[in-house]
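Participant: Take this structure, written in structure tokens, and hold onto it; I'll ask about it next.
Each value in this text was obtained by applying a stated rule to the coordinates, not by laboratory testing. Being a predicted model, the structure only gives us computed values, none of them experimental. Ideal geometry is used to build each Cβ from the backbone, glycine not excepted, and the neighbour counts take in all protein chains shown.
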Amino acid sequence: MRRVFAALVLKDSEVVNCPPRASLRTPHHVALFMPSRIATAGGTGMKVVSSSQSVPEVGLPATTLVLNELTGAVEAVINARQLTAVRNASGMTLYTYPCSAAVMTVFS
């Protein structure tokens, strides 16, 4: 997590590639696609969010796809809501309590 935050702070285009999100509108929902790559963290991924206009009570279903660095194949499908919650908690923990620990454990 710390390597990711450090790379984002540097804003080095050789290390961080976060193009603008793309959207796709249909008669019933809007799909948002947010790809990114952080070379120093060894990761490429894409968050996909679908916003229903005809059934708003379903909320914002979101998924994060993690791609294999060598083959480009999908390596993991992650619930983006839970990932966002963990990321936000981790970021605030690192910001509030800076330390030199190599491992952080998150209980959810």
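Participant: Quick check: net charge around Lys47, other residues with Cβ under 14 Å of its Cβ, Lys/Arg +1 and Asp/Glu -1?
Facilitator: Values: positive: Arg21, Arg37, Arg81, Arg87; negative: none.
Once all neighbours under 14 Å are counted, the net charge is +4.
Participant: Ranking request for peptides 43-56, 65-78: highest mean number of other beta-carbon atoms within 10 Å first, then the rest in descending order.
Facilitator: Result, highest mean Cβ count within 10 Å first: 43-56, 65-78.
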